[in-house]
Amino acid sequence: MIHLRAMTKHDRPPHSGHNAPQPVRALREWLDRLSTTGRLAVLRPNVDLKFELSAYAKRLDGRRATLFPKPSGHPIPVVSGLISDRAWMAEAMGVDPAEMLTHFQHAATDPLPWQETREAPVQEAVHRAPLDLAKVLPLPTHNEHDGGPYISAGLMIVRNPRTGKQNVSIHRCQLTGPNRLGVLVLPRHTFAFHRMAEEAGQPLDAAIVIGVDPLTLLSSQAIVPIDHDELEIAGALQGRPLPVVKCVTSDIRVPAEAEIVVEGRFLPGVREPEGPFGEFPQYYGPRANREVMEVTAVTHRKDAIFHTMVGGGLEHLILGAVPKEATLLTHLRRNFPNVLDVHLSPGGVMRFHLYVKLRKDQEGQGKNVILGAFAGSFDLKHVIVVDEDVDIHNPQEVEWAVATRFQADRDLVIVPESQGSKLDPSNRDGVGAKMGMDATKPYAAPEMTFKRIRVPGEDEVDVSEFLKRDTGVDWRKALKQ
Ligand code: MN
């Protein structure tokens, strides 16, 4: 299934026909793209897996993906920062950034079942238990107080013990023993399957897939009902059924073209300490007793690449944000078809602050949109609604709207004592206040009162020639010509 985009006023070619950009289907293809466009930094060999690797990745966050040959001497290289910018994700999809959310939502509601294959590069090499995970894989330690080395960018795949349907999600997995991982499992789909197995006194088979393309990574974060296999969303985004292969120690199907798979099972009734771990709000998630996964095998490509995400880095934030924005946009448009766009801002750790672009057609509507947004996600803490002439991807523009179109006594909404994120350290165990700011101009305001000033031709004049020769120009001479 391929979603063709409509023509836009942008000067890029339309995404249809023979030269249409194609969605990225493999990690290696994406690395080639980054490399040929100056967005992949290849570091020196032997960078230390403890902190040093993350230090480089973080310094280059937002500008370059990073590739580390022989980290701490390990034969498997590590890559980080695959998606360091929102526009990179749109590029991986083969769509314009303005269409990314609706494109993703189409794939989530119209998924494509995967296809089983026997040709699985990810099983070229097989290590079975007993094994020492730290020897087999290069496991980095990221932030200062992290509890130890982590698998932070692995897609955890488990199956519903009753229906057999798969679930895909990302969990932080701390190395706690030679073949043991402590896993944070929040109460969602993996959690539900784990509890079902546990009630029957059974272990739950699991597979952690490391090193996939950006679209498969993104699909794992889709907000879809239980028993919707997120690998089918990846297929829809890639425009082909995703090739999968059966694990060597369980019935789980994993992407056949991935780099590495860690196979294992969650142990029933076992909880052990995991954490702390540097999380998306730029604080540590605490150490506590968590679910435990015992590793039964590792399979990988012969020349495998390990992917790591630095906790709290842009890659971490963007992967969660795009599906959340897509879901919030769909949710809001059900009641407010005149909501044009939404954005979870980087300053709000791409979870807590939502900017909404509204083509207001009723007085008071801004506040209704604020209340609607809070009903769409308990993580949201502050919502700002602006008019369609404000660029919601530019925080300075949103601040301008607040500065000139908002009055605290009229346009502020506060909801006390409501459910928020447990990772916001300023609330009380997940209970805190919501604040909405309606920064839209009054519906019936006189036209000139809120008309933005504009210099005719500002967007059209070509300044590139003057920018190129702006040093060493003899201005006195130029005036005499
Ligand atoms: Mn799910």
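The values are calculated or read from the model by the stated rules, or taken from the named source; none is laboratory data. Small disclaimer: the values here were computed from a predicted structure and weren't measured. Cβ atoms come from the backbone with ideal geometry, glycine included; neighbour counts cover every protein chain shown. What goes into the accessible areas is simple: the full protein's heavy atoms, side chains included, and nothing from ligands, DNA or RNA. Shrake-Rupley method; radii C 1.70, N 1.55, O 1.52, S 1.80 Å.
Got a sec to turn the phi values of the range 125-133 into Karplus ³J(HN,Hα) couplings, 6.51 cos²θ - 1.76 cosθ + 1.60 with θ = phi - 60°, whole Hz, x for Gly and Pro?
10, 10, 10, 9, 4, x, 8, 10, 4
Quick check: the angle from helix 189-199's long axis to the longest principal axis of the chain, C-alpha only, nearest 10 degrees?
30
If you plug each phi of the range 295-301 into the Karplus form 6.51 cos²θ - 1.76 cosθ + 1.60 with θ = phi - 60°, what whole-Hz ³J(HN,Hα) values come out, in order, with x for Gly and Pro?
Rounded to whole hertz, the list is 8, 10, 6, 10, 10, 7, 5.
To the nearest 0.05, what FRET efficiency results for residue 303 and residue 59 with a Förster distance of 25 Å applied to their C-beta separation? Could you put the intermediate results ahead of the total?
Numbers: r = 27 Å, r/R0 = 1.08.
Once the sixth-power term is evaluated, E becomes 0.40.
How big, in percent, is the set of alpha carbon pairs in the range 243-315 lying more than 13 Å apart?
On the way: 1963 of 2628 pairs.
Here the long-distance tail beyond 13 Å is 75 percent of all Cα pairs in the range 243-315.
Can you give the angle from 0 to 90° between the axis of helix 314-335 and the longest principal axis of the chain, with both taken from C-alpha atoms, to the nearest 10?
On a 0 to 90 degree scale, this one is about 60.
Accessible area per residue, 1.4 Å probe, Å², for the chain: what's the number? Kindly include the intermediate steps, with their values, before the conclusion.
Numbers: 22770 Å² over 481 residues.
With the other protein chains kept in place, the chain gives 47 Å² per residue.
Against the longest principal axis of the chain, how steep is helix 365-376, in degrees 0 to 90 to the nearest 10, with axes from Cα atoms?
Once rounded, the angle reads 0 degrees.
Where both residues lie in the chain, what percent of DSSP beta bridges are antiparallel, nearest 5? Working shown, then result.
Numbers: 62 of 80 bridges.
Among the beta bridges of the chain, antiparallel pairing accounts for roughly 80 percent.
Estimate the FRET efficiency between residue 282 and residue 447 by the formula 1/(1 + (r/R0)^6), using the beta-carbon distance for r and 56 Å for R0, to the nearest 0.05. Write down the numbers at each step before the final one.
Numbers: r = 43 Å, r/R0 = 0.77.
After rounding, the FRET efficiency stands at 0.85.
Just name one of 202, 292, 138: the one whose Cα is farthest towards the positive end of the charge dipole of the chain (beta-carbon charges, Lys/Arg +1, Asp/Glu -1).
Toward the positive end, the furthest listed residue is 138.
Under unit Cβ charges (Lys, Arg +1; Asp, Glu -1), what dipole magnitude, rounded to 20 debye, does the range 262-399 have relative to its Cα centre? Can you show the working numbers first?
On the way: 15 positive and 19 negative charges, 93 e Å.
The calculation lands at about 440 debye.
Taking only Cα atoms of the range 151-243, what ratio of Rg to Rh do you get with Rh as the Kirkwood inverse-distance radius?
Radius of gyration relative to Kirkwood radius: 0.97.
Counting only helical runs of four or more DSSP H residues, what would the 222 nm mean residue ellipticity of the chain come to if each run contributes -39,500 (n - 2.57) and the total is spread over all its residues? Can you show the working numbers first?
On the way: 14 runs with 126 residues, N = 481.
Result for the chain: -7500 deg cm²/dmol, rounded to the nearest 500.
Rounded to the nearest Å, what's the spacing between the alpha carbon centres of the range 106-156 and the range 195-231? Just the number, please.
With the range 106-156 and the range 195-231 each reduced to a Cα centre, they are spaced 12 Å.
Over 23 Å between C-alpha atoms is what I'm after, so list which of 367/441; 367/422; 357/381; 70/302 land there.
In this structure, 367/422 lie more than 23 Å apart at Cα.
With a 10 Å radius around each residue's Cβ, average the other Cβ atoms per peptide and rank 427-436, 380-389, 294-303, highest first.
Numbers: 427-436: 14.9, 380-389: 22.1, 294-303: 19.8.
Averaged packing, sorted descending, gives the order 380-389, 294-303, 427-436.
Quick one: if you stick a label point 7 Å off each Cα along the C-beta vector at residue 462 and residue 132, how many nm between them?
Placing both labels 7 Å beyond Cα along the Cβ direction yields 6.4 nm.
Got the relative contact order for the range 336-446 handy, in percent, Cα pairs under 8 Å and 6 or more residues apart?
On the way: 212 pairs, mean separation 30.1, N = 111.
Across the range 336-446, relative contact order equals 27 percent.
Roughly what would the spin-label model give for residue 22 and residue 195, points 7 Å off Cα along C-beta, in nm?
4.4
Could you work out the percent of alpha carbon pairs in the range 336-446 separated by over 22 Å, rounded to a whole number? Mind showing how you got there, number by number?
Details: 1649 of 6105 pairs.
The answer is 27 percent, as a whole percent.
If eta is 0.692 mPa s and T is 37 °C, what Stokes-Einstein diffusion coefficient results for the chain, Kirkwood Rh from Cα pairs, in µm²/s?
Numbers: Rh = 24.2 Å.
Diffusion coefficient, whole number: 136 µm²/s.
Given +1 on the Cβ of Lys and Arg, -1 on the Cβ of Asp and Glu, and no further charges, what dipole in debye does the chain carry about its Cα centre, rounded to the nearest 20?
Working: 57 positive and 61 negative charges, 93 e Å.
The calculation lands at about 440 debye.
Using the charge dipole of the range 160-313 (Lys, Arg: +1 at Cβ; Asp, Glu: -1 at Cβ; taken about the Cα centre), state which of 247, 183, 168 has its Cα farthest towards the positive end.
183
With a cut-off of 8 Å between alpha carbons and a minimum separation of six or more residues, what is the relative contact order of the chain in percent?
Numbers: 1026 pairs, mean separation 66.4, N = 481.
Relative contact order for the chain comes out at 14 percent.
Could you give the nm distance between label points at residue 433 and residue 404, where each point is 7 Å from its Cα heading toward the beta carbon?
Result for the modelled spin labels: 2.8 nm.
Calculate the translational D of the range 140-196 in whole µm² s⁻¹ from Stokes-Einstein, where the hydrodynamic radius comes from the Kirkwood formula applied to all Cα pairs, the temperature is 25 °C and the viscosity 0.890 mPa s. Walk me through the intermediate numbers first.
Numbers: Rh = 12.4 Å.
Calculated translational D: 197 µm²/s.
Residue by residue through the range 86-94, what is 3J(HN,Hα) from phi via Karplus (6.51 cos²θ - 1.76 cosθ + 1.60, θ = phi - 60°)? Round to whole Hz and write x for glycine and proline.
Result, rounded to whole Hz: 4, 5, 5, 5, 4, 4, 4, 6, x.
Tell me, what % of the accessible area of the chain is carbon and sulfur with a 1.4 angstrom probe? Please list the in-between numbers first.
On the way: 12120 of 22770 Å².
Taking all protein chains in place, the chain shows 53 percent carbon and sulfur surface.
Within the P(r) computed for the range 82-216, what percentage of the Cα pairs occupies the region above 28 Å?
Working: 2844 of 9045 pairs.
The calculated P(r) of the range 82-216 puts 31 percent of pairs beyond 28 Å.
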